[in-house]
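All remarks here apply to the structure that follows.
The values are calculated or read from the model by the stated rules, or taken from the named source; none is laboratory data. On a predicted model such as this, the values are computed, not experimentally measured, just so you know. Cβ placement follows ideal geometry from the backbone for every residue including glycine, while neighbour counts extend to all protein chains displayed. Side chains are part of the model used for accessible areas, which takes the heavy atoms of the whole protein and leaves out ligands, DNA and RNA. Shrake-Rupley method; radii C 1.70, N 1.55, O 1.52, S 1.80 Å.
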2 protein chains.
Amino acid sequence: MAVYTDVSAEDLTEFLKDYDLGPLLSFKGIAEGVENSNFLIETGGGRYILTLYEKRVKRDEIPFFLGLMGHLADRGINCPLPVKGHDGQALRTLAGRPAAIVTFLEGVSYRRPSVAHCQALGAALAGLHEAGKGYHGTRVNALAVGDWRPLAETAGDRADEIAPGLSIAIRNELDDLELHWPRTLESGIIHADLFPNNVLFVGDQLSGLIDFYFAAHDAFAYDLAICLNAWCFEADFSFNLTKGRAMIAAYRAKRPLNRAEIEALPVLCRGAAMRFLLTRLVDWLNVPPGALVRPLDPMEYFKKLRFHQGVQAASAYGLME
Amino acid sequence: MAVYTDVSAEDLTEFLKDYDLGPLLSFKGIAEGVENSNFLIETGGGRYILTLYEKRVKRDEIPFFLGLMGHLADRGINCPLPVKGHDGQALRTLAGRPAAIVTFLEGVSYRRPSVAHCQALGAALAGLHEAGKGYHGTRVNALAVGDWRPLAETAGDRADEIAPGLSIAIRNELDDLELHWPRTLESGIIHADLFPNNVLFVGDQLSGLIDFYFAAHDAFAYDLAICLNAWCFEADFSFNLTKGRAMIAAYRAKRPLNRAEIEALPVLCRGAAMRFLLTRLVDWLNVPPGALVRPLDPMEYFKKLRFHQGVQAASAYGLME
């Protein structure tokens, strides 16, 4: 949540000459996004988000993300639509960095989503999965089941600095996940990071899905598991069955879950918890001294993992047969 | 340039119930302002800036600043207009901090202002000085001539860490400034920090003056000296006479400069350079280890001071008799 690259009005005015957006009326660096620099800009043509891609996003992967947003927006998904320059290209360069302009979406992110928000999210997620079918781009999920053990090994026994016994608990869980991970579920483009901060609402109406920079090919039901983890736990880490039920039911109304997906849901939820536990753990152990931004607590996801380890069937998440 | 305080959509929605601004449609933390947290918000009523005041601004001084903006806006100055809540108050509390909402202004800040921009600024500055007359609020300038020596003493000989001989050069200049400082010039409310980043333009049209948190009572011509320093030097620290001439002429067309002000301009420019040299020096020497934000270079203002020390008369700034 920061602006990493400084852009002058002069440079932005020059940059906009490659577009048909009219004169620059306003621009503000905004505190948003994973590790990119984002600016809310207003031109004669309306409001847009300008993104400068910093180190975390690889340049050769950006066309996949921009193409995906265009594909989804064309199919009625409320997601940012990349704006092309005069040469037909959306990906350009500004201040020495890959840069793109996308349409601005109204709405705010709720930190404590309600049942109605979870329901809207479930429907939007299924809509996203359906709309992604037919997208020509391909991207392997770089944080899939096979990537977790190497990630755990970079933390190693230092995990125990956070909680005694954490490193062995992770290793044991990874043994089990690798053995039982479902590998033949229906797959396609998943968002893979659809946390509340990446979903915009106006009141209870879902107005936007943003930040597609983890999108990749993987099992659709795994994306649902990520959302159950991110949306349906309360602050005390209890699972809110009403929210889970609302999300799953809304999802199934738009994209039915088959038997294999339903049976896999508990292990998918464990895997989804493991994936965020591990990236948070590595971030936590690698905070540069003096950093102003405190990383997210990995233990939050360890507690969610513990909950899922006790789950026998998808009914525990509110799935109704 | 940062957002220091985190505000949730839930808290902001609650906060907005005290206003007549309609539903919350969007809000983004923006990288703007001295040391406050700023958010660009959009409601059914339009766009606004929400400011949460952090440590640098004293709570008991905020009514002076908000009242001033209201006074100026009522007199046609393009500055943010504080928005009052149902109880008639503009200053409220959010996330434990003093908070206020003001109207949003279009425009961008240019880093390298042109002659046309300097001309527009000169006219706007004179307009600001005229419009401020009659404002009932009072605030002593906390960074006036008498405050510079104590500031220099907090740096002490550590100034020499930045440039050998800097501490003695500052002391000598302070001796001279205190002796020759003009104390009977026409005074009133000055902005006192009208740098290019605090002035908005749409093209060459000045669309807004912002960030009034250094405004205070002091000599009008001192405010002009601050602007000559901030706007009319080139990147190589040469003074651009064309810009100075444009700014001064536009100022005088709206508010004539009298003989005493014209004669004082060189010493006022030296004083203005000293004031920013000193605050930058103190900031520079007090950077916390690991800080992400590099403070502004004090030597920039030492070079400007050196230029002014060689100036004999206001004609060197482009003032035409």
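Mind telling me which of B:LEU206, B:LEU228, B:LEU24 comes out most flexible in a GNM of chain B, alpha-carbon contacts under 10 Å? For chain B, modelled as a Gaussian network with Cα springs under 10 Å, the answer is B:LEU24. Summing +1 for each Lys or Arg and -1 for each Asp or Glu among the other residues whose beta-carbon sits under 10 angstrom from that of B:GLU106 gives 0. Build a GNM of chain A with springs between Cα atoms under 10 Å apart, and of A:GLY137, A:GLY44, A:GLY122 the one that fluctuates most is A:GLY44. For segment A:138-219, averaging the sequence separation of C-alpha pairs within contact (under 8 Å, six or more residues apart) and dividing by the residue count gives a relative contact order of 37 percent. Relative to the longest principal axis of chain A, what angle (0 to 90°, nearest 10) does the C-alpha long axis of helix A:62-74 take? Orientation of helix A:62-74: about 90 degrees from the principal axis. Considering only DSSP beta bridges whose two residues both sit in the protein assembly as shown, what percent are antiparallel, to the nearest 5? Approximately 95 percent, going by the DSSP bridge assignments.
Taking amide H positions as modeled 1.01 Å from N, with prolines and chain starts lacking one, the residues under 5 Å from B:LEU94 and 5 or more places away or on another chain are B:ALA99.
With the biggest extent put first, the Cα atoms of segment B:163-321 measure 48, 40, 31 Å across the principal axes. In terms of distances greater than 18 angstrom between alpha carbons, the cross-link table entries B:LYS243/B:LYS304; A:LYS17/A:LYS84; A:LYS28/B:LYS17; A:LYS133/A:LYS254; B:LYS254/B:LYS304 yield A:LYS28/B:LYS17; B:LYS254/B:LYS304.
Considering only alpha-carbon pairs that sit under 8 angstrom and 6 or more positions apart, the relative contact order computed for chain A is 16 percent. Look at the dipole of chain A built from charges on Cβ: of A:ILE62, A:LEU52, A:LEU125, the Cα furthest out on the positive end belongs to A:LEU125.
Hydrodynamic estimate: the Kirkwood radius of the protein assembly as shown over Cα pairs, inserted into Stokes-Einstein at 25 °C and 0.890 mPa s, corresponds to D of 89 µm²/s.
Could you list the trypsin sites (Lys or Arg not before Pro) in segment A:1-63 that lie in coil according to DSSP, counting only those with at most 16 other Cβ atoms within 10 Å of their Cβ? Filter output for segment A:1-63: A:LYS17, A:LYS55, A:ARG56, A:LYS58. Loop-located trypsin sites (Lys or Arg not before Pro) in segment A:76-149 (DSSP state not H, G, I, E or B) with no more than 14 neighbouring Cβ atoms inside 10 Å: A:ARG111, A:LYS133.
The long axis of helix A:298-309 is offset from the longest Cα principal axis of chain A by roughly 40 degrees.
Spatially, segment A:181-245 and segment A:87-122 are offset by 15 Å when compared through their Cα centroids. Of all the options B:GLY96, B:GLY188, B:GLY70, the one that moves most in a Gaussian network model of chain B with Cα springs shorter than 10 angstrom is B:GLY96. For the protein assembly as shown, carbon and sulfur atoms together expose 52% of the accessible surface, with a 1.4 angstrom probe and every protein chain in place.
Taking amide H positions as modeled 1.01 Å from N, with prolines and chain starts lacking one, the residues under 5 Å from A:GLY208 and 5 or more places away or on another chain are A:LEU200.
Kindly provide the GluC sites (Glu not before Pro) of segment A:158-217 that DSSP labels as loop, not H, G, I, E or B, and whose Cβ sees at most 16 other Cβ atoms within 10 Å. Within segment A:158-217, the qualifying GluC sites (Glu not before Pro) (loop, at most 16 other Cβ atoms within 10 Å) are A:GLU186.
Hey, can you find the accessible area per residue of the protein assembly as shown for me, probe 1.4 Å, expressed in square angstrom? Let's see the in-between values first.
Details: 26670 Å² over 642 residues.
Ligands and nucleic acids excluded, the figure is 42 Å² per residue.
With a Förster radius of 41 Å, plug the Cβ-Cβ distance of B:SER238 and B:HIS136 into 1/(1 + (r/R0)^6) and report the FRET value to the nearest 0.05. Rounded to the nearest 0.05, the efficiency is 0.45. Note on exposure: A:HIS217, B:HIS136, B:HIS129, A:HIS180 ranked by accessible area (1.4 Å probe, complete protein assembly) read B:HIS136, A:HIS180, A:HIS217, B:HIS129, with the most exposed listed first.
Can you classify segment B:104-165 as rounded, prolate or oblate using the Cα gyration tensor, where a ≥ b ≥ c are the square roots of its eigenvalues, rounded means a/c under 1.5, and otherwise it's prolate if a/b beats b/c and oblate if not? Cα axes put segment B:104-165 in the oblate bin. Check which residues have an amide H placed less than 5 Å from B:ASN141's amide H, if you skip close sequence neighbours. Long-range HN contacts for B:ASN141: B:HIS217.
Using only the Cα atoms of chain A, what semi-axes does the equivalent ellipsoid have when each is the square root of 5 times a gyration tensor eigenvalue? Give whole Å, largest first.
On the way: eigenvalues 232, 109, 63 Å².
For chain A, the ellipsoid semi-axes come out as 34, 23, 18 Å.
Annotation: for a label point projected 7 angstrom from Cα along Cα→Cβ of A:ASP18, residues of segment A:42-61 with backbone N closer than 19 Å are A:42-45, A:48-55, A:57-61. Counting Lys and Arg as +1 and Asp and Glu as -1 over every other residue whose Cβ lies under 14 Å from the Cβ of A:GLY127, the net charge comes to +2.
State whether segment A:238-279 is rounded, prolate or oblate according to the following rule on the C-alpha gyration tensor (a ≥ b ≥ c being the square roots of its eigenvalues): a/c under 1.5 gives rounded; otherwise a/b larger than b/c gives prolate, and the remaining case gives oblate. Before the final figure, lay out each step's value.
Numbers: a/c = 2.30, a/b = 1.42, b/c = 1.62.
Oblate is the answer for segment A:238-279, as a/c is 1.5 or above yet b/c matches or exceeds a/b.
Here the dipole of segment B:163-321 is about 160 debye; that uses its Cα centre as origin and unit charges on the Cβ of Lys and Arg (positive) and Asp and Glu (negative). Could you pull out which residues in segment A:239-270 have an amide N less than 13 Å from a spot 7 Å beyond the Cα of A:HIS180, following the Cα-Cβ vector? Inside the label zone: A:263-270. Rounded to the nearest whole Hz, the Karplus-based 3J(HN,Hα) values (6.51 cos²θ - 1.76 cosθ + 1.60, θ = phi - 60°) of segment B:226-236 follow the sequence 4, 5, 4, 4, 7, 10, 10, 8, 8, 4, 8, with x at glycine and proline. Could you size up the charge dipole of segment A:232-300 around its Cα centre, putting +1 on the beta carbon of Lys and Arg and -1 on that of Asp and Glu, and report it in debye to the nearest 20? That gives segment A:232-300 a dipole magnitude of about 400 debye. Which shape class, rounded, prolate or oblate, goes with segment A:119-237 when its Cα gyration tensor gives a ≥ b ≥ c as root eigenvalues, a/c under 1.5 marks rounded, and past that a/b bigger than b/c marks prolate? Verdict is oblate for segment A:119-237. 3J(HN,Hα) along segment B:142-151: 7, 10, 8, 3, x, 8, 6, 5, x, 5 Hz, from the Karplus curve 6.51 cos²θ - 1.76 cosθ + 1.60 with θ = phi - 60°, whole Hz, x for Gly and Pro.
A point 7 Å from Cα along Cα→Cβ stands in for B:ASP74, and the other copies hold the same point at 5.7 nm, listed in rising order.
Under the rule of -39500 (n - 2.57) per DSSP H run of 4 or more residues, summed and divided by the residues of chain A, what mean residue ellipticity at 222 nm is obtained, to the nearest 500 deg cm²/dmol?
Numbers: 9 runs with 130 residues, N = 321.
After summing the helix terms and dividing by the residues of chain A, the value is -13000 deg cm²/dmol.
In segment A:20-44, the residues that give up 10 Å² or more of accessible area when the other protein chains are added, compared with the chain on its own (1.4 Å probe), are A:LEU24, A:LEU25, A:SER26, A:PHE27, A:LYS28, A:GLY29, A:ILE30, A:ALA31, A:GLU32, A:LEU40, A:GLU42. Counting Cβ atoms of other protein chains within 10 Å of each Cβ in B:64-74 and taking the mean gives 0. How many angstrom lie between the Cα centre of segment B:299-321 and the Cα centre of segment B:139-162? Cα centroid to Cα centroid, the span is 21 Å.
Put simply, chains B and A cover up around 2900 Å² of each other's accessible surface, both sides summed, when a 1.4 Å probe is used. Which Cα, out of B:PRO298, B:PHE212, B:SER238, lies furthest along the positive dipole direction of segment B:205-321 (beta carbon charges, K/R +1, D/E -1)? Positive-end residue among those listed: B:SER238.
Here the peptides B:194-201, B:303-310 are ranked by packing, the mean other Cβ count within 10 Å, and the order with the highest first is B:194-201, B:303-310.
Compared with the dominant principal axis of the Cα atoms in chain A, helix A:259-285 is inclined by about 70°.
A point 7 Å from Cα along Cα→Cβ stands in for A:GLY203, and the other copies hold the same point at 4.0 nm, listed in rising order.
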